[in-house]
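Asks: What follows is a structure written as structure tokens; I'll ask about it next.
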Amino acid sequence: IDLQDPGSPPTEAACREALGLAEELGMKPLAAHCHRMLGALHHRRGAEPASRDERAIARTMYQAMGMTSWLDAAS
């Protein structure tokens, strides 16, 4: 996933595809990382409400899984 070009449709599409697969397979850590990545993409596009929502989902998931070392990355 290329964060240098967050405006490219394949970038968000790849994140969403990975998120869908992670959820389908029950891979919660990967799903949380996907939400964090989507938050970063929305932030770079200037879509702050969507960015905050995705990062909040990631933080909630990290906390629920005890992955506290990732909380700062999702802030």
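The values are calculated or read from the model by the stated rules, or taken from the named source; none is laboratory data. Source: prediction; values computed, not measured. Because the Cβ atoms are built from the backbone with ideal geometry, glycine has one as well, and the counts that use them run over all protein chains shown. For accessibility, only protein heavy atoms count, side chains too; no ligands or nucleic acids. Shrake-Rupley method; radii C 1.70, N 1.55, O 1.52, S 1.80 Å.
Asks: Kindly provide the set of residues from region 33-58 that are farther than 13 Å from residue 12 by Cβ and either outside any helix (DSSP H, G or I) or not charged (D, E, K, R) (or both), ordered by number.
Replies: Selection gives 33, 46, 49, 56, 57, 58.
Asks: Pull out all pairs, ordered by first then second residue, where Cβ-Cβ is under 8 Å, the residues are six or more apart or on different chains, the first lies in region 18-37 and is within 8 Å of residue 58 (Cα to Cα), and the second is of a type in the set (A, V, I, L, M) and not in a helix (DSSP H, G or I).
Replies: Matching pairs, first to second residue: 32/67.
Asks: Which of the residues belonging to region 25-41 are open to solvent by less than 40 Å² (accessible area, probe 1.4 Å) and not aliphatic (A, V, I, L, M)? Full working, then the answer.
Replies: Here is the first cut: in region 25-41, the ones open to solvent by less than 40 Å² (accessible area, probe 1.4 Å) are 31-32, 34-35, 38-41.
If the condition is that a residue be open to solvent by less than 40 Å² (accessible area, probe 1.4 Å) and not aliphatic (A, V, I, L, M), then 34, 35, 39 are the ones that fit.
Asks: Check off (1) open to solvent by less than 80 Å² (accessible area, probe 1.4 Å); (2) touching a Leu at 6+ places or on another chain (Cβ under 9 Å) for residue 44 and give me the number that stays unchecked.
Replies: Condition not satisfied by residue 44: (1).
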